Amino acid sequence: MDSVFSWFLVNPARAMVAISIFLTLSVGWAEYGGRSSGGSGWLTLARMSIGLVWTVATAGVAAIFGGVGAFFGYLALQALICIVTPMLLVEAM
């Protein structure tokens with residue numbers, strides 16, 4: 001278990017990505033549960049808005065700990081997790 005924590009501490013952006021995955025799945029589950037009661041997608045819209053800020057913050061942390069390549073890599077990864085995945089989840093429902 002110690003190796004898992006040390007892996008996250010090498011670059012804190014890894015923990016930020018894990019948090020993003022959890023939040024995206026939580027919002028998707030909430031939207032899925034609310035679709036029968038008239039869910040309108042506001043949760044997903046809020047997730048994408050906050051996710052945009054979180055994407056830039058994660059990329060900044062990655063740049064500090066990993067350089068320019070990590071910046072663009074985590075920027076693309078977080079854009080997929082925080083922006084594209086919620087859109088696809090809502091579209092599939």
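Laid out as a table, the results:
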| quantity | calculated |
| --- | --- |
| ³J(HN,Hα), Karplus 6.51/-1.76/1.60, whole Hz, each residue of segment 7-21, x for Gly, Pro | 5, 5, 7, 4, 9, x, 5, 5, 5, 5, 5, 4, 5, 5, 4 |
| Average accessible area per residue (Å²) across the chain - probe 1.4 Å, nucleic acids and ligands excluded | 63 Å² |
| Rounded percent of accessible protein surface that carbon and sulfur make up, the chain, 1.4 Å probe | 77 percent |
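The values are calculated or read from the model by the stated rules, or taken from the named source; none is laboratory data. None of the values given here were measured: they were computed from a predicted structure. All accessible areas refer to the heavy atoms of the entire protein, side chains included, with ligands and DNA or RNA removed. Shrake-Rupley method; radii C 1.70, N 1.55, O 1.52, S 1.80 Å.
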